[in-house]
Amino acid sequence: MSRVCELTGKGVMSGNNVSHAMNKTRRRFLPNLNKVSLLSDALGRPVSFRISSHALRSVEHNGGLDNFLLKARDGDLSLKARRLKAQIKKKLASDAA
């Protein structure tokens, strides 16, 4: 399982450890990923994701998982999230009709 957030696409970054003597060695900065279940209001069921803490705050700021997915670009989302987004759009369209 790769270390990439399923909602924002945030992944591993690289950089340097810098010692007091200014020696530089390569290192990896890992995203703070958590396994969470978020409730989809349109579908009425919880959905499990592996997302970063930043993404969790963004979901709550946007008013829930459904609103976040509808506003998100498809390029940032994982395949699972894109499929869920399509299900939510379909459900909202059928409810409106």
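Out of Gly75, Gly63, one residue alone is in contact (Cβ under 8 Å) with a residue 60 or more places away in the chain and loosely packed, with under 12 Cβ neighbours inside 10 Å. It is Gly75. Annotation: Ala42 fulfils all but one of (1) part of a strand (DSSP E or B); (2) touching a residue at least 12 places away in the same chain (Cβ under 8 Å); the unmet one is (1).
Residue check: His61 meets all listed conditions (1) at pLDDT below 95; (2) over 13 Å from the mean Cα position of the chain (by Cα) but one, namely (1). Please find, within the stretch 1-53, the residue that is farthest from Ala86 (Cα to Cα) out of those that are among the charged types (D, E, K, R) and surrounded by 10 or more Cβ atoms within 10 Å (Cβ to Cβ). The qualifying residue farthest from Ala86 (Cα to Cα) is Lys24. Would you point out the residue of the stretch 66-86, among those that are part of a loop (DSSP other than H, G, I, E, B) and small (Gly, Ala, Ser), that is nearest to Gly11 (Cα to Cα)? Selected residue: Ser78.
The values are calculated or read from the model by the stated rules, or taken from the named source; none is laboratory data. Since the structure is predicted, the reported quantities are computational estimates derived from the model, not experimental observations. Neighbour counts are summed over all protein chains in view; Cβ atoms, including those assigned to glycine, are modelled from backbone coordinates with ideal geometry.
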